[in-house]
Amino acid sequence: MSTRVVAVTGAAAGIGRATALTFATRGWTVGAYDVDEAGLADLAEEAATLPGEVRTGRLDVTDAGEFEARLAELVEHTGRLDALVNNAGILLAGAFTDRDAEAHGREVDINVKGVMHGLHAGYPHLRRTASEQGDAVVVNMASASAIYGQPELANYSATKFYVRGVTEALDLEWGPQGIRVRALWPLFVQTAMTQGWSTGTTGSLGIRLTAQDIADAVLLAVEPPRHSEALHQVHFPVGTQTKVLSLGSRFSPAWLTRLVNKRLAHA
Ligand SMILES: NC(=O)c1ccc[n+]([C@@H]2O[C@H](COP(=O)([O-])OP(=O)(O)OC[C@H]3O[C@@H](n4cnc5c(N)ncnc54)[C@H](O)[C@@H]3O)[C@@H](O)[C@H]2O)c1
């Protein structure tokens, strides 16, 4: 069997970088993509001694054509695409009216359209790999902010509801073709994304998770233990706090979920 292959967006830093290194450590061939070419060069250097090959390339996820080209190059080299990790994203914190429509539009372009482009570009390769190998998987990076709309992160939070919805829908649509579609739901993670700002919720809950915690969870979503496959787990909350909030929101009445989120956000 040839080496398994994963493509990771936003791989130059934070969660994407940790994910690329984690898969390469386990011998996977990794296509690592980002707009930050200096960060990618640094990643390639760090990965040079790992068992898996890391192939880096510039990819702005807002550019559908670039996405198609990078994945086509990768599959031309490897002959397969077992997993696609739609990870690239940005976060704008603060009051909704502190940002103009252009800034919010950029957040939508990266967090929503970037994922959509990845799904379109990845599908033909994932489908072929699924038909040849019996399995392929997409992991979309959602967030705990897709549990309930978050004040001071309103637009960001809304972009993650797209990720949640498209994951659930395509898991049903693509499942019969052997493509699993999964979403990760981390709470706040210690990366560049969470530096330099705070909200009521970061004050209440802290920033406890590391990029490696999330990379390990990506691996778990790609290679799930039997019980989670038997239960057909689509969403993977990461960390105890997220698991509690996620579970609570499923079983508490809407007014209570709102109240908990209001209190946590000091809104
Ligand atoms: N950090 C958190 O607290 C947290 C929590 C939940 C979910 N997430 C999600 O995890 C993902 C990664 O976040 P992170 O914390 O590692 O952030 P990060 O800022 O550390 O890294 C994001 C990476 O994405 C890249 N990127 C940005 N725009 C891009 C574009 N248009 N095309 C390609 N690459 C682009 C950046 O260059 C950077 O390397 C995001 O989708 C984020 O929303 C993060």
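Read the figures in this text as sums done on the coordinates, not as results from a lab. Note that the structure is a prediction, hence the values are computed from the model and not measured. As a convention, Cβ positions derive from the backbone with ideal geometry for all residues, glycine included, and neighbour counts pool all protein chains shown.
For helix 211-222, report the angle its Cα long axis makes with the longest principal axis of the Cα atoms of the chain; keep it between 0 and 90° and round to the nearest 10°.
Here the helix axis deviates by roughly 60 degrees.
By the scheme Lys and Arg +1, Asp and Glu -1, what is the net charge of all other residues having a beta-carbon under 12 Å from that of GLU37?
Local net charge: -3.
Quick one: net charge around ARG4, please, counting Lys, Arg +1 and Asp, Glu -1 for every other residue with C-beta under 13 Å from its C-beta.
Summing Lys/Arg as +1 and Asp/Glu as -1 gives -3.
Roughly speaking, what is the centre-to-centre gap between the range 78-138 and the range 240-264 when only Cα atoms are used, to the nearest Å?
Between the Cα centre of the range 78-138 and that of the range 240-264, the gap is 27 Å.
When the dipole is taken about the Cα centre of the chain, and only Lys, Arg (+1) and Asp, Glu (-1) are charged at their Cβ, what size is it in debye, to the nearest 20?
It works out to roughly 1100 debye.
What are the extents of the Cα atoms of the chain along their three principal axes, listed from largest to smallest and rounded to whole Å?
On the principal axes, the chain reaches 52, 42, 31 Å in Cα extent.
In what sequence, highest mean first, do 239-248, 135-144, 27-36, 206-215 appear when ranked by Cβ atoms within 10 angstrom?
Descending packing order for the listed peptides: 135-144, 27-36, 206-215, 239-248.
I want the local charge near ARG106. Using Cβ-Cβ distances under 14 Å, sum +1 for each Lys or Arg and -1 for each Asp or Glu among the other residues.
Local charge sum for ARG106: -4.
Expressed as an acute angle from 0 to 90° and rounded to the nearest 10, what is the orientation of the C-alpha long axis of helix 254-265 relative to the principal long axis of the chain?
90
So between SER131 and ARG58, what do we pick up on full extension, going 0.36 nm a residue minus the alpha carbon distance?
In short, 23.4 nm is gained.
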